[in-house]
Amino acid sequence: MMDTLSPTYNVLISLGIATLPVAIVIWYFWHRDKGEKEPFKLMRKAFLFGILVTLPVGVAEVFFELFVKHRLPFLDVYLIIMPFLIIALPEEGAKLWVVLNSTYKNVKFNEIMDGITYAVLASMGFAVFENILYTLNYGIEVGILRGFTAIPAHALFSGIMGFYIGMAKFEKNKKKEKKLIRRGLMAAVFFHGLYDLLLFTNVTLLMYMIFPLIGYMAFILNRSIQKANAGIKEEPQYF
């Protein structure tokens, strides 16, 4: 049916499919915030900053890939390292940078839950740009699939990190504050890298393991949201 539509309608439908899951995710996390709702201006800022860092992160990933790939003795080593250091670290590091430089120091960042909210917004800014490119280039089927996988996964990676950011915001000890931020970044990089590693194996059974991984991350983040809304500063227990 898509082939019978004009190119303009194809583009509009692709854009709708690419952006709808992002809107749903944002609405969900906004709804989960039981405290003071965030100002639209700050939410927009975190989201737009997330879009803006997409291009430089993409350039950095290409550079790191070219730099690292030919310096490792075995291809298998590269394939294991790439999801964590070349993809997950720059992307989650960029999302962290967005939160720290767009909302973290604002007086309206006044609850632990705010860390989750703004981190998710930054991730959705990043994800919507990426999803539009994938959907326009590879078709609506890819956009639909990513709506159930990559989009929620991005929110979960960054949402888990955001809980640490929220706790760090209200940590009076500067060393502990920085430690919490680092731990949040490490958690996001680990889950993001593991997610990509499973996909990069091209082994069907392993690729399907992203679904229990998404479920596990959702469980962790749900408990973190409950703690955040209750004002409890307690790091997630992963095992």
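Selection over the stretch 101-118 of residues that are touching a residue at least 60 places away in the same chain (Cβ under 8 Å) and in a helix (DSSP H, G or I) gives a count of 8.
For the stretch 208-236, which positions are over 17 Å from the mean Cα position of the chain (by Cα), assigned to a helix (DSSP H, G or I) and surrounded by fewer than 18 Cβ atoms within 10 Å (Cβ to Cβ)?
Step one: of the stretch 208-236, the residues over 17 Å from the mean Cα position of the chain (by Cα) are 208-209, 212, 223, 226-236.
Now drop any that are not assigned to a helix (DSSP H, G or I), which leaves 212, 223, 226-229.
P212, R223, Q226, N229, listed by residue number.
Look at (1) at pLDDT 95 or above; (2) more than 13 Å from G50 (Cβ to Cβ) and you find that L121 fails only one, number (2). Among the residues making up the stretch 171-220, those that are more than 22 Å from I151 (Cα to Cα) and touching a helix residue (DSSP H, G or I) at 6+ places or on another chain (Cβ under 7 Å) are E171, E177, L180, I181, R183.
Going by what's in this entry, would G115 be described as within 26 Å of K178 (Cα to Cα), within 12 Å of the chain's Cα centre (by Cα) and not basic (K, R)? Let's see the steps before the verdict.
Values: within 26 Å of K178 (Cα to Cα): yes; within 12 Å of the chain's Cα centre (by Cα): no; not basic (K, R): yes.
Here the answer is no, as G115 does not meet what is asked.
Residues considered: F49, F64, F84. Of these, the only one that is of a type in the set (F, W, Y), surrounded by 15 or more Cβ atoms within 10 Å (Cβ to Cβ), more than 15 Å from the chain's Cα centre (by Cα) and in a helix (DSSP H, G or I) is F64.
Within the stretch 30-49, residues that are under 10 Å from T103 (Cα atoms) and basic (K, R) have Cβ atoms under 7 Å from residues that are at pLDDT 95 or above and not in a helix (DSSP H, G or I) in these pairs: K45/T103, counting only partners at least 6 apart in sequence or on another chain. Residue selection: K95 satisfies the criterion of being among the basic types (K, R), assigned to a helix (DSSP H, G or I) and touching a residue at least 40 places away in the same chain (Cβ under 8 Å).
The values are calculated or read from the model by the stated rules, or taken from the named source; none is laboratory data. Only a predicted model underlies this, so the values are computations on that prediction, with no experimental measurement involved. Quick reminder, even Gly has a Cβ in these numbers, built from the backbone with ideal geometry, and neighbours come from all protein chains shown.
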